[in-house]
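Below is a structure I'd like to ask you about.
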Amino acid sequence: MDPSCWTVDLLFGHPEIDRQHQEIIAIGKEIEAAFAGNGPEPKIIEQLTMYYNLLKRHFSDEEKIMLNISQDKYKSHIDAHRHLHESILNFVANAIKDIKSGLFIEIKNLFPYAFESLAYNVKFYDSELARIAHAENSGLA
């Protein structure tokens, strides 16, 4: 996700999810700056590990919200949302392993795609999930 892209339009309507989105963007800014400056690999690995852990917790929190909406009615949304979460987590986990294996430049060049996937997740899947959850008046108390 472009770390400078946070706007009120991205508010989910759930204080913890909204706080996590802002924290994800803040850590993303740090990661982008570290990559841009060819920062020390241990620092980038530390930042990516923090990013991974935050994403994992964030996606788990979104999963709890998804469990509170009609599973049958929104199956395609739920399945696609889960799949994108898994893809993003796998990418970040593999990036950490690859940097540890000496593939820093390759990951540096690929990581903007992870930010774009996350932006897509927030702008499309999360906004749709918020709309659904609000409509069903569930999971956003």
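The values are calculated or read from the model by the stated rules, or taken from the named source; none is laboratory data. Remember, predicted model here, so these are calculated numbers, not experimental data. Note: ideal-geometry Cβ built from the backbone for every residue, glycine included; neighbour counts use all protein chains shown.
Working only within the stretch 5-31, note down all residues that are at pLDDT below 85, under 19 Å from LEU84 (Cβ atoms) and part of a helix (DSSP H, G or I). Give the steps one after another, and end with the answer.
Initial filter on the stretch 5-31 (at pLDDT below 85): 5-14.
If we keep only those that are under 19 Å from LEU84 (Cβ atoms) as well, we get 5, 10, 12, 14.
Across the stretch 5-31, the qualifying residue is only LEU10.
Taking LEU48 and the conditions (1) farther than 20 Å from PHE124 by Cβ; (2) modelled with pLDDT of 90 or more; (3) loosely packed, with under 12 Cβ neighbours inside 10 Å, which numbered condition does it fall short on, given that it satisfies the others?
(3)
I'd like the residue in the stretch 64-89 that is in contact (Cβ under 8 Å) with a residue 60 or more places away in the chain and of a type outside the set (D, E, K, R) and, out of all such residues, is surrounded by the most Cβ atoms within 10 Å (Cβ to Cβ).
Going through the stretch 64-89, the residues in contact (Cβ under 8 Å) with a residue 60 or more places away in the chain turn out to be 64-70.
Of the ones still in play, those that are also of a type outside the set (D, E, K, R) are 65-70.
Values: ILE65: 19, MET66: 21, LEU67: 11, ASN68: 15, ILE69: 17, SER70: 12.
Looking at residues that are in contact (Cβ under 8 Å) with a residue 60 or more places away in the chain and of a type outside the set (D, E, K, R), I get MET66.
Separate question: Among (1) in a loop (DSSP other than H, G, I, E, B); (2) at pLDDT 90 or above; (3) of a type in the set (D, E, K, R), which single condition is ASP2 missing?
(2)
Same structure, new question: Is it the case that some residue within the stretch 89-110 is under 18 Å from LEU129 (Cβ atoms) and of a type outside the set (Val, Ile, Thr)? Talk me through it step by step, then tell me what you get.
Kept after step one, since they are under 18 Å from LEU129 (Cβ atoms), are these residues of the stretch 89-110: 89.
Keeping just the survivors that are of a type outside the set (Val, Ile, Thr) gives 89.
Checked against the condition, which is being under 18 Å from LEU129 (Cβ atoms) and of a type outside the set (Val, Ile, Thr), the stretch 89-110 yields at least one hit.
Among the numbered criteria (1) in contact with a Phe, Trp or Tyr (Cβ under 6 Å, 6 or more places away or on another chain); (2) under 22 Å from ASP18 (Cα atoms), which one does LYS108 miss?
(2)
Separate question: GLU63 fails exactly one of the following numbered conditions: (1) farther than 18 Å from GLU30 by Cβ; (2) at pLDDT below 90; (3) not aromatic (Phe, Trp, Tyr). What is the number of that condition?
Of the numbered conditions (1) farther than 18 Å from GLU30 by Cβ; (2) at pLDDT below 90; (3) not aromatic (Phe, Trp, Tyr), the odd one out for GLU63 is (2).
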